[in-house]
1. Is there any pair linking a residue in the range 123-140 that is closer than 16 Å to Lys94 by Cα to one that is among the acidic types (Asp, Glu) and within 16 Å of ligand 2 (Cβ to nearest atom), with Cβ under 7 Å and at least six apart or on different chains, and which?
2. Starting from the range 98-114, keep only residues that are among the charged types (D, E, K, R), then list their pairs with residues that are within 16 Å of ligand 2 (Cβ to nearest atom) and not in a loop (DSSP other than H, G, I, E, B) whose Cβ atoms are within a distance under 8 Å, requiring at least 6 positions of separation or different chains.
3. Could you list all residues from the range 96-106 that are closer than 12 Å to Val132 by Cβ, touching a strand residue (DSSP E or B) at 6+ places or on another chain (Cβ under 9 Å) and within 12 Å of ligand 1 (Cβ to nearest atom)?
4. Those residues that are more than 11 Å from ligand 2 (Cβ to nearest atom), more than 13 Å from the chain's Cα centre (by Cα) and surrounded by fewer than 15 Cβ atoms within 10 Å (Cβ to Cβ), I need them from the range 93-138; list them, please.
5. Could you tell me whether the range 72-82 includes any residue that is among the small types (Gly, Ala, Ser), farther than 26 Å from Glu26 by Cβ, surrounded by 13 or more Cβ atoms within 10 Å (Cβ to Cβ) and out of contact with any helix residue (DSSP H, G or I) (no Cβ under 6 Å at 6 or more places or on another chain)?
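Rule-based calculations on the coordinates, nothing more; no lab input. The structure displayed is predicted, hence computed values, not measured ones. Here Cβ is always computed from backbone atoms with ideal geometry, including for glycine, and neighbour counts include all displayed protein chains.
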Amino acid sequence: MRYLKVIAQDRSGQGAADTVHFQFYEDEQLQREATESDRQRLKSFSKTYLKCAWFNEGEGEERHLRIFSQNRSADGSPETVRLHFHEGPLIAYKAAAHDLDNDGGLEVILSSDVDNDGRSDRTDRSRVTALVKQFLKVGW
Ligand SMILES: [Ca+2]
Ligand SMILES: [Ca+2]
């Protein structure tokens, strides 16, 4: 199974993440680090992810996101994209987007408080939608 691992870090110690790393995984094996062109394509993903406030102090990597698609059909349109927000090996919380009729549009967004502001609301769902759309553009 393929997933994109996303790690945000607060390198400057200002209490907010300033750096985002991407790693491409397949079957728990690191396949490659993000290239410059991956980083360009993932620019708005990074911005959205930083708003989720799921980051590490300094160069820590415990907190991260694993995002992956499932049931990718022949036309390349996945039925489900899942987001697992990890604390080390454990999943701290999750979100998902489902394309029920396989038309490429994601009708159902399941999310909790993904941006950690204490409220589970429309903003959280819109962040999940944005992350999923930007992730799908990378085609991993
Ligand atoms: Ca649909
Ligand atoms: Ca929230």
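1. Filtered contacts from the range 123-140: Thr123/Asp115; Asp124/Asp113; Asp124/Asp115; Arg127/Asp115.
2. Note: pairs meeting the criteria are Asp113/Tyr93; Asp113/Asp124.
3. The answer is Ala97, His98, Asp99, Leu106.
4. Result: Leu100, Asp101, Asn102, Asp103, Gly104, Gly105, Glu107, Val108, Leu110.
5. Going residue by residue through the range 72-82, those that are among the small types (Gly, Ala, Ser) are 73-74, 76-77.
Restricting the remaining residues to those that are farther than 26 Å from Glu26 by Cβ gives none.
Looking for residues that are among the small types (Gly, Ala, Ser), farther than 26 Å from Glu26 by Cβ, surrounded by 13 or more Cβ atoms within 10 Å (Cβ to Cβ) and out of contact with any helix residue (DSSP H, G or I) (no Cβ under 6 Å at 6 or more places or on another chain), one finds none in the range 72-82, hence no.
Quick grid of which residues meet (1) part of a loop (DSSP other than H, G, I, E, B); (2) closer than 25 Å to Lys43 by Cβ:
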| residue | (1), (2) |
| --- | --- |
| Leu83 | no, yes |
| His86 | no, yes |
| Ile91 | no, no |
| Asp117 | yes, yes |
| Ser126 | no, yes |
| Thr129 | no, yes |
| Val132 | no, yes |
